[in-house]
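Student: Once you've had a glance at the structure underneath, I'll fire off some questions.
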Amino acid sequence: MSNQFCSLKPFNTFNLDVHARHIVVAETAVELIDAWQTSQQQQQPVLLLGEGSNILFLEDFQGTVIVNRLKDIKVEESSSAWHLHIGAGENWHELVQYTLTKGFFGLENLAMIPGCVGSAPIQNIGAYGVELKNVCEYVDVLALATGEVRRLLAEECQFGYRDSVFKHQYQSGYAIVAVGLILKKHWVPITLYGDLSQLDAETVTPQQIFDAVCHMRSSKLPNPDVTGNAGSFFKNPLVDAERARSLAKNYPDIPLYPQEDNKVKLAAAWLIDRCDLKGFSVGGAAVHRQQALVLINQEQATSSDIVALAHEVRQRVGRKFNVWLEPEVRFIGASGEKDAVGVIG
Ligand code: FAD
Ligand code: EPU
């Protein structure tokens with residue numbers, strides 16, 4: 001399906017009123033390759049999209065947006081695990097629900113994360129103590145110039161906090177077409193994070209974790225169908241242990257999450273909250289009152305409103321704590337991705 005000068009409103013969860021020259025909804029790898037190669041021949045910019053839940057369109061896109069809707073779910077059983085092969089265009093939360101109904105457990109902590117399965121490896125989606133890397137077996141990437149599909153095993157994907165090889169070596173000229181997940185039959189509940197720790201790890205069921213995660217998320221995070229947003233706007237910053245200690249001296253209640261390599265993760269939401277920015281707005285964009293890390297399209301915001309708000313948040317946190325936040329959300333300009341920190345300033 002191909003349309004000219006189409007609205008991208010249904011394809012970005014910020015619900016911004018931006019347009020693209022063409023939108024192609026690709027249901028097969030051949031359609032994906034055709035759309036990409038046609039754009040290359042015409043020297044037009046091209047952007048791959050899942051559900052647009054981790055992007056900010058800065059302006060109209062002067063080229064073709066290819067929406068990945070490759071659908072497929074195959075299941076194989078081994079003695080110790082279920083192996084799922086999933087088309088990149090499947091919806092992530094629907095997959096989580098599907099696995100629960102089938103009795104394949106391990107995805108329940110990742111319930112209600114918007115977007116496509118194929119986008120999940122890109123920033124190694126994570127929530128409530130689990131990241132995609134914990135269940136990923138492989139990712140299939142299509143080289144769009146040649147049509148060759150390459151299977152990258154999880155250990156080749158360089159998964160990190162909100163990071164992977166798909167933001168670097170495999171960012172340009174490649175499309176993720178399928179993801180392989182491995183869900184172990186011996187299920188171990190992960191209940192360390194937040195309110196999940198109130199559950200009894202001896203008796204808890206996957207369904208109970210799923211319900212608790214859905215409840216927590218619904219109470220904090222705005223539903224993009226109602227209020228435009230892209231989840232956490234910034235990443236949680238990593239600082240070295242010495243810097244964390246000196247922050248804790250001045251702010252004894254600061255949440256600190258020790259990581260590997262003598263690093264400590266800070267809670268960007270807490271830093272923003274401590275600058276009294278909840279509810280702070282610029283034009284139609286605002287800091288969400290229930291979760292300070294989420295910027296929302298409160299009332300017909302423009303991209304510039306969101307950028308100006310992000311600038312203000314970053315500057316105020318930077319001036320107060322000397323910690324400089326970096327966006328998690330990917331910024332898309334007229335002809336492709338832009339450096340988000342450079343745009344915000
Ligand atoms: P898109 O926004 O469409 O694309 C993201 C990037 O990937 C773009 O740069 C795009 O060009 C590229 N891309 C998309 N598809 C492909 C493909 N097939 N091949 C190659 N490149 C591609 N994230 C978390 O990690 N944890 C959370 O708890 C979480 N909660 C959220 C809550 C809300 C309310 C919202 C709105 C977002 C949340 N997010 C969270 C962010 C978002 O859900 C994830 O980043 C998700 O994986 C994005 O999927 P998408 O299909 O919408 O990707
Ligand atoms: N906090 C505040 N004020 C707020 C919100 C939170 O002080 O307004 C404090 C909390 O009390 C807590 C800390 O900040 O001590 C962390 O808050 P929370 O547990 O809500 O998690 P987060 O760090 O804000 C991260 C992810 C989310 C993920 C949740 C749950 C990032 C950037 N964000 O949020 O992912 O769902 O943990 O695991 O890592 C996303 O990436 O889009 C996203 C929503």
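The values are calculated or read from the model by the stated rules, or taken from the named source; none is laboratory data. All of these numbers come straight from a predicted model, not from anything done at the bench. Reconstructed Cβ throughout: ideal geometry from the backbone, glycine too, with neighbour counts over all protein chains shown. Ligands, DNA and RNA are stripped out before the accessible areas are found, and what is left, the full protein with its side chains, is counted by its heavy atoms. Shrake-Rupley method; radii C 1.70, N 1.55, O 1.52, S 1.80 Å.
Student: For residues that are charged (D, E, K, R), within 16 Å of ligand 2 (Cβ to nearest atom) and within 23 Å of Asp225 (Cβ to Cβ), scanning just region 282-341, find the one that is most open to solvent (accessible area, probe 1.4 Å). Before the answer, list the steps.
Tutor: First pass over region 282-341, keeping only residues charged (D, E, K, R): 289, 299, 305, 312, 314, 316, 319-320, 326, 328, 330, 337-339.
Then keep just the ones that are within 16 Å of ligand 2 (Cβ to nearest atom); that gives 289, 314, 316, 320, 326, 328, 330.
Retained after the next criterion (residues that are within 23 Å of Asp225 (Cβ to Cβ)): 289, 328, 330.
On the way: Arg289: 155, Glu328: 15, Arg330: 47 Å².
Applying the filter and picking the extreme gives Arg289.
Student: Next question. Report the residue count in region 52-65 for those that are away from ligand 2 (no atom under 16 Å from the Cβ), in contact (Cβ under 8 Å) with a residue 60 or more places away in the chain and aliphatic (A, V, I, L, M).
Tutor: Taking region 52-65 and keeping what is away from ligand 2 (no atom under 16 Å from the Cβ), we get 57-65.
From what is left, the residues that are in contact (Cβ under 8 Å) with a residue 60 or more places away in the chain are 57-63.
Narrowing the set further to residues that are aliphatic (A, V, I, L, M) leaves 58.
Residues flagged as away from ligand 2 (no atom under 16 Å from the Cβ), in contact (Cβ under 8 Å) with a residue 60 or more places away in the chain and aliphatic (A, V, I, L, M) within region 52-65 amount to 1.
Residue-wise test of (1) under 21 Å from the mean Cα position of the chain (by Cα); (2) under 26 Å from Thr13 (Cα atoms); (3) within 16 Å of ligand 1 (Cβ to nearest atom); (4) surrounded by 18 or more Cβ atoms within 10 Å (Cβ to Cβ).
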| residue | (1), (2), (3), (4) |
| --- | --- |
| Cys214 | yes, yes, yes, no |
| Ser219 | yes, yes, yes, no |
| Val226 | yes, yes, yes, no |
| Glu242 | no, no, no, no |
| Asp273 | no, yes, no, no |
| Lys278 | no, yes, no, no |
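Student: Can you tell me how many residues within region 225-249 are in contact with a Phe, Trp or Tyr (Cβ under 8 Å, 6 or more places away or on another chain) and either among the acidic types (Asp, Glu) or within 12 Å of ligand 2 (Cβ to nearest atom) (or both)?
Tutor: As a first pass, look at region 225-249 and keep what is in contact with a Phe, Trp or Tyr (Cβ under 8 Å, 6 or more places away or on another chain): 228-230, 235-238, 247.
The next check asks that each one be either among the acidic types (Asp, Glu) or within 12 Å of ligand 2 (Cβ to nearest atom) (or both); those that pass are 229-230, 235-238.
Qualifying residue count for the region: 6.
Student: Could you please let me know if Ala230 is open to solvent by 10 Å² or more (accessible area, probe 1.4 Å) and within 15 Å of ligand 1 (Cβ to nearest atom)?
Tutor: Values: open to solvent by 10 Å² or more (accessible area, probe 1.4 Å): no; within 15 Å of ligand 1 (Cβ to nearest atom): yes.
Answer is no for this residue.
Student: Same structure again: Filter region 168-195 down to residues that are within 14 Å of ligand 2 (Cβ to nearest atom) and modelled with pLDDT of 95 or more and give me whichever is surrounded by the fewest Cβ atoms within 10 Å (Cβ to Cβ). First the steps, then the outcome.
Tutor: Just the residues of region 168-195 that are within 14 Å of ligand 2 (Cβ to nearest atom), to begin with: 190-195.
With modelled with pLDDT of 95 or more added as a condition, the list becomes 190-191.
Details: Ile190: 16, Thr191: 20.
Among those residues, the one meeting the criterion is Ile190.
Student: Out of the residues in region 126-147 meeting the condition of being outside any strand (DSSP E or B) and over 19 Å from Arg69 (Cα atoms), tell me which one is farthest from ligand 1 (Cβ to nearest atom). Steps first, answer last, please.
Tutor: Restricting attention to region 126-147, the residues satisfying the condition of being outside any strand (DSSP E or B) are 128-129, 132-135, 144-147.
Adding the requirement that they be over 19 Å from Arg69 (Cα atoms) leaves 128-129, 132-135, 145-146.
Values: Tyr128: 8, Gly129: 11, Leu132: 8, Lys133: 11, Asn134: 13, Val135: 13, Ala145: 14, Thr146: 16 Å.
Result: Thr146.
Each row is one residue, and each column tells you yes or no for (1) free of Cβ contacts under 8 Å to residues at least 12 places away in the same chain; (2) open to solvent by 20 Å² or more (accessible area, probe 1.4 Å); (3) in contact with a Pro (Cβ under 9 Å, 6 or more places away or on another chain).
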{"site": "His93", "(1), (2), (3)": "no, yes, yes"}
{"site": "Leu100", "(1), (2), (3)": "no, yes, yes"}
{"site": "Leu107", "(1), (2), (3)": "no, no, yes"}
{"site": "Ala111", "(1), (2), (3)": "no, no, no"}
{"site": "Pro114", "(1), (2), (3)": "no, yes, yes"}
{"site": "Val117", "(1), (2), (3)": "no, no, no"}
{"site": "Ala127", "(1), (2), (3)": "no, no, no"}
{"site": "Val130", "(1), (2), (3)": "no, no, no"}
{"site": "Lys133", "(1), (2), (3)": "no, yes, yes"}
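Student: Scan region 32-41 and tell me whether some residue there is among the acidic types (Asp, Glu) and over 24 Å from the mean Cα position of the chain (by Cα).
Tutor: Step one: list which residues in region 32-41 are among the acidic types (Asp, Glu), which gives 34.
Applying the additional criterion that residues be over 24 Å from the mean Cα position of the chain (by Cα) yields 34.
Yes, the conditions are met somewhere in region 32-41.
Student: While we're on this one: With the requirement that a residue be buried (at least 23 other Cβ atoms within 10 Å of the Cβ) and of a type in the set (S, T, N, Q), what does region 65-91 give you?
Tutor: Matches in region 65-91: Asn68 only.
Student: I've got another one for you. When the residues of region 201-212 are narrowed to those that are away from ligand 1 (no atom under 16 Å from the Cβ) and modelled with pLDDT of 95 or more, which ends up surrounded by the fewest Cβ atoms within 10 Å (Cβ to Cβ)?
Tutor: Start the filter on region 201-212 by keeping residues that are away from ligand 1 (no atom under 16 Å from the Cβ), which leaves 201-208, 211.
From what's left, modelled with pLDDT of 95 or more: 203-208, 211.
Numbers: Thr203: 8, Val204: 16, Thr205: 14, Pro206: 18, Gln207: 12, Gln208: 16, Asp211: 13.
My answer is Thr203.
Student: So, restricting to helices (runs of 4 or more DSSP H) that lie completely within region 200-306, which ones have at least 1 residues that are touching a residue at least 60 places away in the same chain (Cβ under 8 Å) and in contact with a Leu (Cβ under 9 Å, 6 or more places away or on another chain)? Before you say what the answer is, go through the steps one by one.
Tutor: On the way: elements: 206-220, 241-250, 268-274.
Result: 206-220, 241-250.
Student: Does region 150-165 contain any residue that is within 15 Å of ligand 1 (Cβ to nearest atom), open to solvent by 50 Å² or more (accessible area, probe 1.4 Å) and touching a strand residue (DSSP E or B) at 6+ places or on another chain (Cβ under 6 Å)?
Tutor: yes
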